[in-house]
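Have a look at the structure below before the remarks.
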Protein chains: 2
Amino acid sequence: MVRAASIKDVANQAGVAVGTVSNVLNYPDRVSSTTRDRVLAAIAELGFVRNDAARQLRAGRSRTMGMIVLDAGNPFFSSVARAAEEAAARAGSAVLLGNSSHDPRRERHYIELFEEQRMQGILISPTGDVSARLAAAEAAGLKIVLVDAPSDGQRFSSVAVDNAAGGYVAVRHLLDAGRRRIAFVGGNATLRQVQDRLAGARRAVAEVPGATLEVLTAADLTVLGGRGVGDDLRRRTPGTAPDALFCANDLLALGVIQSLAMLGGLRIPEDIALIGYDDIDFAASAVVPLSSIRQPAELIGRTAVELLLEQTADEPPAPRSVVFTPELVARASTGH
Amino acid sequence: MVRAASIKDVANQAGVAVGTVSNVLNYPDRVSSTTRDRVLAAIAELGFVRNDAARQLRAGRSRTMGMIVLDAGNPFFSSVARAAEEAAARAGSAVLLGNSSHDPRRERHYIELFEEQRMQGILISPTGDVSARLAAAEAAGLKIVLVDAPSDGQRFSSVAVDNAAGGYVAVRHLLDAGRRRIAFVGGNATLRQVQDRLAGARRAVAEVPGATLEVLTAADLTVLGGRGVGDDLRRRTPGTAPDALFCANDLLALGVIQSLAMLGGLRIPEDIALIGYDDIDFAASAVVPLSSIRQPAELIGRTAVELLLEQTADEPPAPRSVVFTPELVARASTGH
DNA sequence: TCGACACAATGAAACGATTCAACTCGAGAG
DNA sequence: CTCTCGAGTTGAATCGTTTCATTGTGTCGA
């Protein structure tokens with residue numbers, strides 16, 4: 001096969017004009033059934049597949065949307081992505097996924113890729129402050145929806161979960177269990193979600209006299225990063241370690257559990273209580289079942305697609321921000 | 001903004017011909033530095049972004065490749081995908097991800113999407129027998145690499161892990177621990193990987209007189225599916241349950257652990273030993289640290305991209321099949 | 001002074017689909 | 001028999017880029 005069949009080849013084969021073939025593909029009712037059958041037969045015979053680049057060039061825009069997630073390996077994001085794909089498929093659209101891995105360079109790379117491809121829009125969980133870059137993409141006609149991030153001054157639609165509330169609930173839960181020397185385990189400090197969870201945590205601690213909040217930094221927001229923090233804690237002199245840990249996500253918390261519970265030293269929850277964030281499927285099956293803050297991942301993904309499709313209308317409404325409320329799930333790691 | 005800036009607008013702005021702008025973008029050395037600077041200034045001023053659809057239309061093919069995975073929520077696949085993305089980025093290419101979720105319809109949808117987009121190629125973990133569909137895509141010029149699946153008669157390049165060997169090693173390990181009433185927990189029976197792991201398991205059982213192999217079916221290859229199997233086992237009359245379980249993947253095994261160890265009844269590994277497959281990060285931090293069969297996910301992803309790039313050469317070599325060997329990781333769930 | 005040569009820059013053609021004004025052809029009305 | 005109408009079909013123009021043969025310009029050697 002030297003060259004893929006084009007619409008022109010189909011037209012020749014069927015003995016009709018190219019415009020007619022195009023009509024068969026896009027407006028079947030405009031074509032008489034005999035002609036239509038002849039064209040469809042030619043298409044089947046030649047194995048013709050429409051060239052989306054050409055269609056897009058003429059149409060000015062693609063029908064697919066791009067999604068950029070912070071960590072495709074995090075079950076929370078894969079749930080969000082999956083729900084988004086399904087919602088898009090139902091609407092006759094498609095989602096293609098890029099994984100920034102918290103790396104602004106890779107994120108930028110995907111934004112540019114999507115912009116070059118003139119995608120319908122971008123669903124993005126930003127690594128940090130990319131609003132300038134996104135504004136440029138929007139100026140080029142892409143619709144932007146921020147996912148799991150608050151709207152940037154109503155410029156873009158967004159779907160988020162109230163991270164400050166989540167952080168507050170998590171630490172409040174630890175305080176209610178009688179813990180006072182709380183530590184927050186975060187990673188990349190520039191990440192908005194993490195900042196907000198920390199802010200909520202601070203607010204909860206401030207309400208209880210005598211309670212303190214220490215901030216620990218993990219290498220990254222992964223199981224491995226959490227294991228590192230756990231290793232550090234085990235090396236502390238007894239009594240100086242916190243009596244409760246609030247981890248910025250479940251992966252971190254699972255890493256801490258791996259380090260503490262398996263390699264010995266501190267016991268969970270007796271010596272140190274632990275709560276994570278996201279309530280991923282693995283949280284319930286950890287060595288010590290992990291308390292967590294549940295976020296409605298599917299709902300987030302679905303809503304993100306809806307917000308984007310809303311913006312693709314001829315007269316798009318003003319950008320909207322949807323905020324969900326997270327929910328405490330108490331398990332053994334905090335004494336339940 | 002009515003319309004995104006085109007190369008023609010840039011040419012006007014800079015006072016040069018469109019061909020020159022194109023040269024600045026693609027062959028900067030062909031252009032004098034003064035002209036180049038002028039063009040670059042115009043590009044910056046207009047916020048010009050190359051329209052990839054037009055470029056592709058002219059070039060005949062995209063520079064990005066599509067990847068279709070069976071389950072983006074499975075950490076094994078997300079590791080593979082991530083490694084592939086990185087390898088592609090290093091080669092100046094990009095990977096966009098689609099998630100078939102074991103659904104042949106969604107898989108087909110993505111294949112067609114990639115074909116319409118005239119992607120460079122497709123990296124795919126097929127759900128079942130899609131070789132006819134893939135052959136059509138190949139005839140249209142896409143390069144195909146089968147990922148985590150054996151080659152289909154050398155027609156396509158492929159990168160796989162010897163699943164039969166993995167299944168054999170897993171069950172051999174259970175037998176060596178003195179277990180005799182083995183059960184295999186699989187899901188979708190049409191999945192080649194699962195079939196092969198079962199075949200390896202059968203071979204190991206056949207070598208030991210008195211050993212038996214029962215096959216249990218999970219609703220799907222997820223944590224939830226495993227939990228269902230665990231619930232069934234707990235309801236069996238004592239003594240009729242198997243004394244060892246080989247799960248087709250770690251998600252299943254973790255689900256079984258959730259059901260058995262947490263809700264009580266059978267103890268792991270005393271009453272029932274357990275081994276999974278993939279050795280995902282969460283395996284080590286389970287309630288009972290999970291023995292597993294490790295697959296080199298990063299290596300698989302990287303190799304897949306290499307095989308694809310190999311095929312994009314002007315004179316592509318014959319398709320190659322790379323097969324890796326899995327490795328036993330023994331932990332507490334089998335008595336270590 | 002002229003020709004040869006390299007280097008820059010030009011601009012028309014091509015890629016494959018969609019769009020749309022124009023055309024054809026019967027059927028039905030007058 | 002002519003006119004109108006509308007359904008069906010046609011094919012040229014268009015989208016934004018790349019390619020490449022052609023033209024223009026300046027330098028150098030003879």
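The values are calculated or read from the model by the stated rules, or taken from the named source; none is laboratory data. Everything quoted here is computed from the prediction, not taken from an experiment. When we count neighbours, we look across all protein chains shown, and the Cβ atoms used for this are built from the backbone with ideal geometry, even at glycine.
Within segment A:24-57, track down each residue that is in a helix (DSSP H, G or I), near DNA strand D (Cβ under 8 Å from one of its atoms) and among the hydrophobic types (A, V, I, L, M, F, W, C).
Hits for segment A:24-57 are A:54, A:57.
Only one of these is surrounded by fewer than 21 Cβ atoms within 10 Å (Cβ to Cβ), away from DNA strand D (no atom under 15 Å from the Cβ) and within 30 Å of residue A:128 (Cβ to Cβ): A:81, A:87, A:72, A:5. Name it. Spell out how you get there, then give the answer.
Values: A:81 fails: surrounded by fewer than 21 Cβ atoms within 10 Å (Cβ to Cβ); A:72 fails: surrounded by fewer than 21 Cβ atoms within 10 Å (Cβ to Cβ); A:5 fails: within 30 Å of residue A:128 (Cβ to Cβ).
The unique qualifying residue is A:87.
Quick one: in segment A:263-290, of everything that is within 14 Å of chain B (Cβ to nearest Cβ) and within 21 Å of residue A:148 (Cα to Cα), which residue is surrounded by the fewest Cβ atoms within 10 Å (Cβ to Cβ)? Step through it out loud before you land on a result.
Step one: of segment A:263-290, the residues within 14 Å of chain B (Cβ to nearest Cβ) are A:263-264, A:268, A:274, A:276, A:278-290.
Narrowing the set further to residues that are within 21 Å of residue A:148 (Cα to Cα) leaves A:276, A:278-283.
On the way: A:276: 30, A:278: 26, A:279: 24, A:280: 27, A:281: 21, A:282: 26, A:283: 26.
In this case the residue turns out to be A:281.
Identify, please: which residue in segment B:221-234 is hydrophobic (A, V, I, L, M, F, W, C) and surrounded by fewer than 24 Cβ atoms within 10 Å (Cβ to Cβ) and is, among those, modelled with the lowest pLDDT?
So in segment B:221-234, the residues hydrophobic (A, V, I, L, M, F, W, C) come out as B:221, B:223-224, B:229, B:233.
Okay, now just the ones that are also surrounded by fewer than 24 Cβ atoms within 10 Å (Cβ to Cβ), so B:224, B:233.
Details: B:224: 88, B:233: 92.
My answer is B:224.
Name the single residue that is nearest to the other protein chains (Cβ to nearest Cβ) among those in segment B:10-21 being part of a helix (DSSP H, G or I) and surrounded by 18 or more Cβ atoms within 10 Å (Cβ to Cβ). Step through it out loud before you land on a result.
Restricting attention to segment B:10-21, the residues satisfying the condition of being part of a helix (DSSP H, G or I) are B:10-14, B:18-21.
Within this subset, residues satisfying the condition of being surrounded by 18 or more Cβ atoms within 10 Å (Cβ to Cβ) are B:10-11, B:13-14, B:20-21.
Details: B:10: 14, B:11: 18, B:13: 16, B:14: 19, B:20: 20, B:21: 15 Å.
Going through the qualifying residues, I end up with B:10.
Under the condition of being more than 9 Å from chain B (Cβ to nearest Cβ) and at pLDDT 90 or above, which residue from segment A:78-99 is nearest to the chain's Cα centre (by Cα)? Quick ask: steps written out before the conclusion?
Filtering segment A:78-99 down to residues more than 9 Å from chain B (Cβ to nearest Cβ) leaves A:80, A:83-84, A:87-88, A:90-93.
Narrowing the set further to residues that are at pLDDT 90 or above leaves A:80, A:83-84, A:87-88, A:90-91, A:93.
Working: A:80: 5, A:83: 10, A:84: 9, A:87: 14, A:88: 15, A:90: 19, A:91: 20, A:93: 18 Å.
Step by step, filter segment A:78-99, then rank; the result is A:80.
This table checks each residue for (1) away from DNA strand D (no atom under 16 Å from the Cβ); (2) farther than 30 Å from residue B:223 by Cβ; (3) modelled with pLDDT of 95 or more.
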| residue | (1), (2), (3) |
| --- | --- |
| A:10 | no, yes, yes |
| A:67 | yes, no, yes |
| A:101 | yes, no, no |
| A:118 | no, yes, no |
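Considering only residues that are closer than 19 Å to residue A:147 by Cα and at the interface with chain B (Cβ under 10 Å from one of its Cβ atoms), which ones fall in segment A:52-68? Show your work before the answer.
Taking segment A:52-68 as the starting set, the residues that turn out to be closer than 19 Å to residue A:147 by Cα are A:64-68.
If the condition is that a residue be closer than 19 Å to residue A:147 by Cα and at the interface with chain B (Cβ under 10 Å from one of its Cβ atoms), then A:64, A:66, A:67 are the ones that fit.
So residue A:232 clears everything in (1) within 14 Å of another protein chain (Cβ to nearest Cβ); (2) touching a strand residue (DSSP E or B) at 6+ places or on another chain (Cβ under 9 Å); (3) among the charged types (D, E, K, R) except one condition, right? Which one?
That leaves (1) as the condition not met.
This table checks each residue for (1) within 11 Å of DNA strand C (Cβ to nearest atom); (2) in contact (Cβ under 8 Å) with a residue 60 or more places away in the chain; (3) among the hydroxyl-bearing types (Ser, Thr, Tyr); (4) over 27 Å from residue B:62 (Cα atoms).
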position	(1), (2), (3), (4)
A:32	no, no, yes, yes
A:53	yes, no, no, no
A:57	yes, no, no, no
A:65	no, yes, no, no
A:90	no, no, no, no
A:102	no, yes, no, no
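Please verify whether segment B:141-150 includes one or more residues that are in the same structural domain as residue B:80 (by TED's automatic domain parsing) and surrounded by fewer than 19 Cβ atoms within 10 Å (Cβ to Cβ). Don't jump to the end; show me each part of the working.
From segment B:141-150, those in the same structural domain as residue B:80 (by TED's automatic domain parsing) are B:141-150; that's our starting set.
Still in the running and surrounded by fewer than 19 Cβ atoms within 10 Å (Cβ to Cβ): B:141, B:150.
Yes, segment B:141-150 has at least one match.
Could you run through segment A:106-137 and say how many residues are at the interface with chain B (Cβ under 9 Å from one of its Cβ atoms) and either closer than 20 Å to residue B:89 by Cβ or assigned to a helix (DSSP H, G or I) (or both)? Show your work before the answer.
Residues of segment A:106-137 that are at the interface with chain B (Cβ under 9 Å from one of its Cβ atoms), as a first pass: A:106, A:109-110, A:112-113, A:115-118, A:136-137.
After this cut, where a residue has to be either closer than 20 Å to residue B:89 by Cβ or assigned to a helix (DSSP H, G or I) (or both) as well, the list is A:106, A:109-110, A:112-113, A:115-117, A:136-137.
The number of residues fulfilling the criteria is 10.
Would it be correct to say that residue B:46 is within 13 Å of chain A (Cβ to nearest Cβ) and more than 8 Å from DNA strand C (Cβ to nearest atom)? Walk me through it before giving the result.
On the way: within 13 Å of chain A (Cβ to nearest Cβ): yes; more than 8 Å from DNA strand C (Cβ to nearest atom): yes.
When the stated conditions are applied, residue B:46 passes them.
Would segment A:79-97 turn up any residue that is part of a loop (DSSP other than H, G, I, E, B) and farther than 30 Å from residue B:95 by Cα? Please lay out each step first, then the result.
Restricting attention to segment A:79-97, the residues satisfying the condition of being part of a loop (DSSP other than H, G, I, E, B) are A:91-93.
Checking the rest, the ones that are also farther than 30 Å from residue B:95 by Cα come to none.
Within segment A:79-97, not a single residue is part of a loop (DSSP other than H, G, I, E, B) and farther than 30 Å from residue B:95 by Cα.
Which condition from (1) away from every other protein chain (no Cβ under 11 Å); (2) modelled with pLDDT under 95; (3) touching a helix residue (DSSP H, G or I) at 6+ places or on another chain (Cβ under 7 Å) is the one that residue B:237 breaks?
Just one mismatch for residue B:237, condition (3).
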